[in-house]
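> Have a look at this one before I ask anything.
The values are calculated or read from the model by the stated rules, or taken from the named source; none is laboratory data. Only a predicted model underlies this, so the values are computations on that prediction, with no experimental measurement involved. Neighbour counts are summed over all protein chains in view; Cβ atoms, including those assigned to glycine, are modelled from backbone coordinates with ideal geometry. Note: accessible area is taken over every heavy atom of the protein model, side chains too, but ligands, DNA and RNA are not part of it. Shrake-Rupley method; radii C 1.70, N 1.55, O 1.52, S 1.80 Å.
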Amino acid sequence: MAEVLVYVDHVDGAVRKPTLELLTLARRVGEPVAVALGNGAADTAATLAEHGAVKVLTADAPEFADYLVVPKVDALQAAYDAVSPAAVLLPSSAEAKEIAARLAVRIKSGIITDAIDLEAGDEGPVATQSAFAASYTTKSRITQGTPVITVKPNSAAVEAAPAAGTVEALSVSFSEQATGTKVVSRTPRESTGRPELTEAAIVVSGGRGVNGAENFAIIEALADSLGAAVGASRAAVDAGWYPHSNQVGQTGKSVSPQLYIASGISGAIQHRAGMQTSKTIVAINKDAEAPIFDLVDYGVVGDLFEVVPALTEEVKSR
Ligand code: FAD
């Protein structure tokens, strides 16, 4: 069976969920060979093996330390040269998409970004993407070179599939470009302890109906009871009630969680563009005619100031 390279997103050896989802999809296309780079790379091996990686190629070097992209492209290309894979899969993070694009240029391959599903095809992997604010899905495959495909978080279930997970050191020679950039400063964002918006399995969002920054506390309380991330509509962000980094929609982030709860959000097309592919959508809105109810799986017509705290209490009591 052909090998498929899977680029591992990890933090100091802790593998992030989108990579485990990628392994599920990779197994449909071939035998996953994982590429883990940077601090703690070797520590990823056990988790990756539990989820189907037949081999884990690891490399650590000071060049990987500063969130620079080119050293990682150099390493992924070294893995590509060593393995000659049938496909290269990466998560759809901003960083991994840049790595994917640069690799595709170097190896003269086509690239598909933001896939939401992947299956084996007679002429190579077939990727599903969603288009036009998720009104359409398209299926496509790469016709030139080795397919390089990035996949959105929450596109597949994480499945345990024990495999050998043999660890091999990857030898990387860095290109001139790799040392041509230097990080001069870094300002870490204060952690909320909540999952990353684009990776979260559950997102609870608030809109103009939340009616003030201070009232977002009830949205956060529901989110925390569910272990969810917090999102916001542009109206809430423009009003200064919640940071832009939490905006969901056309000019914000795209999310595709298992569960999306929209509170006090009308469901404008630009908001839908960022959340329409969520697996289960719940809306709480006091206007029964709000357009969001056209796309929900479950709708509650009611005042969010009553419904959201009641829901939080119910979740906490279980
Ligand atoms: P509203 O449309 O004002 O809806 C508020 C809702 O809350 C109403 O349905 C109301 O019935 C309900 N409500 C009020 N009080 C309560 C209560 N007590 N209990 C329950 N329900 C209540 N928007 C985005 O969200 N994301 C984007 O990325 C984005 N990008 C855009 C890009 C462009 C180019 C443009 C033109 C617009 C964009 N917008 C975006 C804006 C979008 O068109 C809408 O204006 C916005 O989504 C509306 O936000 P909202 O639903 O929170 O507010």
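> Out of all the residues in the range 265-275, is one or more at pLDDT 95 or above, over 24 Å from the mean Cα position of the chain (by Cα) and either within 9 Å of the ligand (Cβ to nearest atom) or in a loop (DSSP other than H, G, I, E, B) (or both)?
Yes, there is a match, as at least one residue in the range 265-275 is at pLDDT 95 or above, over 24 Å from the mean Cα position of the chain (by Cα) and either within 9 Å of the ligand (Cβ to nearest atom) or in a loop (DSSP other than H, G, I, E, B) (or both).
Per-residue answers, yes or no, for (1) within 11 Å of the ligand (Cβ to nearest atom); (2) under 29 Å from residue 151 (Cα atoms); (3) surrounded by 22 or more Cβ atoms within 10 Å (Cβ to Cβ):
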{"position": "209", "(1), (2), (3)": "yes, no, yes"}
{"position": "215", "(1), (2), (3)": "yes, no, no"}
{"position": "240", "(1), (2), (3)": "no, no, no"}
{"position": "257", "(1), (2), (3)": "no, yes, yes"}
{"position": "261", "(1), (2), (3)": "no, yes, yes"}
{"position": "314", "(1), (2), (3)": "no, no, no"}
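> Write out, first by first residue and then by second, each pair whose Cβ atoms fall under 8 Å of each other, whose residues are 6+ apart or on separate chains, and whose first residue, in the range 265-278, is closer than 21 Å to residue 212 by Cα while the second is assigned to a loop (DSSP other than H, G, I, E, B) and more than 6 Å from the ligand (Cβ to nearest atom).
Note: pairs meeting the criteria are 267/295.
> Please give the number of the condition residue 39 fails out of (1) assigned to a helix (DSSP H, G or I); (2) open to solvent by 10 Å² or more (accessible area, probe 1.4 Å).
(1)
> While we're on this one: Counting only residues that are open to solvent by 70 Å² or more (accessible area, probe 1.4 Å) and closer than 22 Å to residue 48 by Cβ, which one in the range 120-165 is nearest to the chain's Cα centre (by Cα)?
159
> Out of the residues in the range 198-207 that are assigned to a loop (DSSP other than H, G, I, E, B) and touching a Pro at 6+ places or on another chain (Cβ under 9 Å), state the one that is surrounded by the fewest Cβ atoms within 10 Å (Cβ to Cβ).
Going through the qualifying residues, I end up with 201.
> Just name the residue that is farthest from the chain's Cα centre (by Cα) out of those in the range 217-238 that are open to solvent by 10 Å² or more (accessible area, probe 1.4 Å) and away from the ligand (no atom under 12 Å from the Cβ).
Step by step, filter the range 217-238, then rank; the result is 217.
> Just to verify a result, which residue in the range 242-255, among those that are within 9 Å of the ligand (Cβ to nearest atom) and part of a loop (DSSP other than H, G, I, E, B), is most open to solvent (accessible area, probe 1.4 Å)?
250
> What about residue 236, is it at pLDDT below 95 and either of a type in the set (A, V, I, L, M, F, W, C) or in contact with a helix residue (DSSP H, G or I) (Cβ under 7 Å, 6 or more places away or on another chain) (or both)?
Spelling it out, it is not the case that residue 236 is at pLDDT below 95 and either of a type in the set (A, V, I, L, M, F, W, C) or in contact with a helix residue (DSSP H, G or I) (Cβ under 7 Å, 6 or more places away or on another chain) (or both).
> Could I ask something else about it? With surrounded by 15 or more Cβ atoms within 10 Å (Cβ to Cβ) and closer than 13 Å to residue 206 by Cα as the only criterion, which of 267, 299, 274 stands out?
Sole residue among the options that is surrounded by 15 or more Cβ atoms within 10 Å (Cβ to Cβ) and closer than 13 Å to residue 206 by Cα: 267.
> I would also like to ask the following. So residue 115 passes all but one of these: (1) farther than 27 Å from residue 256 by Cβ; (2) open to solvent by less than 10 Å² (accessible area, probe 1.4 Å). Which condition number does it fail?
Every condition holds for residue 115 apart from (1).
> Please indicate, with yes or no, whether at least one residue in the range 69-77 is open to solvent by 10 Å² or more (accessible area, probe 1.4 Å) and in contact with a Gly (Cβ under 6 Å, 6 or more places away or on another chain).
Taking every residue of the range 69-77 in turn, none turns out to be open to solvent by 10 Å² or more (accessible area, probe 1.4 Å) and in contact with a Gly (Cβ under 6 Å, 6 or more places away or on another chain).
> Among 217, 229, which is in contact with a helix residue (DSSP H, G or I) (Cβ under 8 Å, 6 or more places away or on another chain) and not acidic (Asp, Glu)?
Every option except 229 fails the conditions.
> I'm checking my understanding of the structure. Among residues of the range 277-296 that are away from the ligand (no atom under 12 Å from the Cβ) and surrounded by 21 or more Cβ atoms within 10 Å (Cβ to Cβ), which one is modelled with the lowest pLDDT?
Only one residue tops the list, namely 277.
> Which is within 19 Å of residue 149 (Cα to Cα) and within 18 Å of the chain's Cα centre (by Cα), of 4, 35?
Going through 4, 35 in turn, just one is within 19 Å of residue 149 (Cα to Cα) and within 18 Å of the chain's Cα centre (by Cα): 35.
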